[in-house]
Every structure is written in structure tokens, then in C-alpha cells.
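Read through the structure below, which is laid out as C-alpha cells, and then see the notes.
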Amino acid sequence: MEEAAAVEQSLEPKEIVRELDRYIIGQDEAKRSVAIALRNRWRRQQVPKDLREEIAPKNIIMIGPTGVGKTEISRRLAKLAQAPFLKIEASKFTEVGYVGRDVESMIRDLTELAVSMVRREEEHKIQDKARELAEERILELLLPHSPRRQSSPTSISSTETSPEQIHVDSTESTRERLRELLRRGKLDERIVEIDVADRSMPVLEIFSTAGFEEMNLNLREMLSGFMPKKNKKTRVKVPEAREILLEEESQKLVDMDKVTKLAIQRVEQSGIIFLDEIDKIASHEPTHGPDVSREGVQRDILPIVEGTRVMTKYGMVATDHILFIAAGAFYVAKPTDLIPELQGRFPIRVELKPLGKEEFIRILTEPQNALITQYVELMKTENLSLSFTKEAIGEIADIAVQINERTEDIGARRLYTIMEKLLDDISFDAPELSGQEVAIDADYVTTKLEEFVKDEDLSRYIL
């Protein structure tokens, strides 16, 4: 928790926006909103404790068509803050009493992610110690009758030091020479026999309605506590044995009680949940009787966003200070179609702009993970030098705009389909083109994609 707080403190809003600019083109208003929301978390930690608990997060609704950066902004924000992050579609939930996902499952999933995150961090801290212990266990397997285990010196009968013929009279210097050979990889072909835990469990399936998603897992854990743990012997090469033993030693050294406590704190204070497709559960038409996929789901989500306690297998988790970022295209429904109580819990509304030709050109070239850069680096693995002229990039962007206007507007995702179709032949023949230079110009783009641009049916189904 301290590490996450330190990261948030070090990032000022302008710095957050600059970091987001490295991966996301445009959408400055949305970037500003999430940067302020992240900074406010650090600010809340600095106010007096009695007031701190009263300051609620300023949840955000992002409004805009698909492919304009809603999910990417949230994902990159969570990565910057080193915060537990969960993306989930609101349309997956159903009202309590119907078959489907329970809204509380998103808190359980987020907690599971946080536990995994903190456990990895703790394992990294004790990695050197775990590696040493795993190495000692490998040496014990290779040198089973070392002096450390001998209680009587009467067995000493030879000074043979070859790792291929280790006798009970081996000295400490022999062990150290064996350690050196092990570290240099000279013993990687040796086969050792190790005990590994038999994790097989009886097949147990639970068919249930929403709210019982964890029953299968919990029953398995309960049964594993009653059933005696079994080990089985397996013969593996030294490198594989080292990995298995390293994992076992890491698990022994990590304090899972501490991990669980830190994970719950991180979820409660730094967790971010991205609720996509929020417009799909907005009641934009009057209905008669219960509406399973809309208003009922909103009323189930409401207490989670307002702040409640959710039971997870790691303990109770408070949702009062989790940051919720909702998003939707809102083509048919409007944010005002959400129930008033839920609207009130998302006070910040940001409209993301559709992407045009200039934005597509920048997306292709500017970000750290720009599409052009990705394809150039992929072809380098085949010893093929791939380049794009400025005119070719402009033509690709122009075609993306045309296809989006004629068919469904899927934003920047259209560039992925166009680039794959454009480079289809080159990607297939790349091994035979090794050592050559291939320059993509505007004529190549036009020739390759002209048929699909002109034929609206082909565009609809292929691009």
C-alpha cells in the first residue's frame, strides 16, 4: 500500500497526462479528468483521518463511440498508479434471482487480482533467498550423503570429487565445486528425483444461480483441508527441478496473511473498476414488469458504487473508495436514462470525440506502441526492412475514415483490420524476402485496398 501511495504522490496531473499521451492520441478532456481523479486519491490520504473517510471518489462516465480510447485511458491509468484494475462489461450482470453473473463478483475478481499482484511483489523481494534455498535442495539431491548429514566420520573412505561419482566421504570443497558446476549449467542434463505435491482433486461441479460463483472453489478448498496432502515422486532434469523447488521455497517464505491484508487495503484505497457498456443497462424505453438486463442491474450495482461491504474468500472488502469509471457509446440511450441514484454516483461526465484522419495518422506513428512501429519490428525478426512513406500513412488513415463512415464506426480499431489486410502478402512471404527492403508507398496501399474500398459489401465483411 505504501508503494502504491508513493507512486500516486510522485505523479502530478500534468505528468499523468504526459504519460497517457505516450500511448493515447487526443481525448485531452478525458485525460485531465482521470489525472485529477488519481491525484485526488493522494490528496485524500493527506487530510485529517476523520474527514478522510468522508471524501468519496469522483467517479467518471466516459461517453464516446467504440475505439476512441476509453478502455485504454483507464488501463494505462491503473498501470501508472500500480493499482488493482478490473475491466468488466456491465451487460454481463443480471438482476439477483436470475441466472447470470452477480454484481458483487467484480469486487471478488478485483480482490483476486490484488492478491496476485501483492504476492508477486513479495515473491520478488525474497527471490534471492528462495533461489539460495532451492539451490541447496538441488545440491542435496545431487550429493545425498554430504558431511552435513553424517553423524559419524567412520564412513570416509575416498577423496573422489567427480560430480558423476559422489561418495559419502565427499568434503565441503566437493560440494562447493558441485555448486559452481551447477551455476555454470554443467549439470543441466542430470536427472534428479523430487517430491512434488499431488494437486489432483475429485471432480466437483456446482450448477447454481448468481451469487454462488465461488461455491465450487470454496468447496474444493474446504475439502483439501480435510484430505491428507499427497506427494508424488517425479524425475526431471536439473533446470526444471530448480524451477519447481524455487516455487515451493517462494511459497514458504511469503507471508500470505500479510499479502492478504495488503491486497485488501490496496483494493479499498487504490482499486479501479472500469464498467464498460454501461449504456446497455440504461432503460431508454418504458417497460412493464421487471427488466432483467437493465434497471434491475442498475439497482444491484448502485450499493457497490455507493459503498458497501462485500464478502470475499480473503475477508470483507469495503467499496467506499474504489474508483469506478463507466463507459458507453450511448448511441440509443443517454446518460440521463440511468436511474437517478446511479447518475448521482458518477458526477463527472466526459465526452470523447470521434477520431478523424489526422488522429489516425498520429495513432499510426506517434505513440510508443504505434502500429507502424509494431509491424516494422515484427518484420525485423525475419531480417526484412519494412518502411512506410508519409503519403502511404496518409492514404491508410483516409481509407480508415472512409470505411468507418460507410459501415460501423469502430474508431482506431479499423486501423488494425486495414494494416493486416495491407500487409497480408508481405507477412506471408516474409521468410523468402529475408535481407530485402520493402517500402510501402501510396500506390501500393491504393492498389492493395482499392477493391475493398469500392465494394461496400466487401468493406463491411472484410474491413
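The values are calculated or read from the model by the stated rules, or taken from the named source; none is laboratory data. Please read these numbers as outputs of a predicted model, since none were measured by experiment. FYI the Cβ positions are ideal-geometry reconstructions off the backbone, even for glycines, and counts take in every protein chain you see. In case anyone asks, the SASA skips ligands and DNA or RNA and just uses the protein heavy atoms, side chains included. Shrake-Rupley method; radii C 1.70, N 1.55, O 1.52, S 1.80 Å.
Pop out the carbon and sulfur fraction of the accessible area of the range 239-383 as a percent, whole number, probe 1.4 Å.
Carbon and sulfur: 50 percent of the exposed surface of the range 239-383.
Quick one: if you stick a label point 7 Å off each Cα along the C-beta vector at LEU141 and GLN251, how many nm between them?
1.5
Could you give each residue of the range 177-192 its phi-based ³J(HN,Hα) in whole Hz, using Karplus coefficients 6.51, -1.76, 1.60 with θ = phi - 60°, and x for Gly or Pro?
3J(HN,Hα) across the range 177-192, in whole Hz: 5, 5, 4, 5, 4, 5, 5, 7, x, 6, 10, 5, 8, 5, 9, 10.
Enumerate the amide H contacts of THR312 below 5 Å, restricted to partners 5 or more residues apart or on another chain; note that Pro and chain-start residues carry no placed amide H.
Long-range HN contacts for THR312: VAL317.
In Å², and per residue, what accessible area does the range 379-441 have when probed at 1.4 Å with the other protein chains present?
Using a 1.4 Å probe on heavy atoms only, each residue of the range 379-441 averages 53 Å².
Calculated FRET efficiency, LYS454 and GLU405, Cβ-Cβ r, R0 22 Å, to nearest 0.05?
Calculated value: 0.95.
Report the label-to-label distance for LYS258 and ARG177 in nanometres (one decimal), using points 7 Å from each Cα along the Cα→Cβ vector.
According to this spin-label approximation, the distance is 4.0 nm.
Would you kindly calculate the mean projected area, averaged across all directions, of the convex hull enclosing the Cα atoms of the range 375-421, in square nanometres?
3.6
Name the long-range amide H neighbours of LEU386: under 5 Å, sequence gap of 5 or more, or other chain; modelled H, no Pro or chain starts.
It is VAL438, by chain and number.
If you take the beta carbon distance between VAL438 and TYR416 as r and set R0 to 30 Å, what does 1/(1 + (r/R0)^6) give as a FRET efficiency, to the nearest 0.05?
So, using R0 = 30 Å, E works out to roughly 0.90.
Counting only residues 5 or more places away or on other chains, whose amide H sits under 5 Å from the amide H of ARG349 once H atoms are built in the peptide plane?
ILE61
Report the FRET efficiency, 1/(1 + (r/R0)^6), for LYS186 and MET311, where r is their Cβ-Cβ distance and R0 is 60 Å, rounded to 0.05.
Once the sixth-power term is evaluated, E becomes 0.70.
Using a 1.4 Å probe over the heavy atoms of the protein chains, calculate the carbon and sulfur portion of the accessible area of the range 13-57 as a whole percent.
49
Need one word for the range 310-463: rounded, prolate or oblate. Basis is the Cα gyration tensor (sqrt eigenvalues a ≥ b ≥ c); a/c below 1.5 gives rounded, then a/b vs b/c decides.
Prolate, since a/c reaches 1.5 and a/b exceeds b/c.
When averaged across all projection directions, what area in nm² does the alpha-carbon convex hull of the range 268-385 cover?
So the mean shadow area of the Cα hull is 12.4 nm².
As an exercise, identify the GluC sites (Glu not before Pro) in the range 375-463 lying in DSSP coil whose Cβ has no more than 15 other Cβ atoms within 10 Å.
Sparse-neighbourhood loop GluC sites (Glu not before Pro): GLU408.
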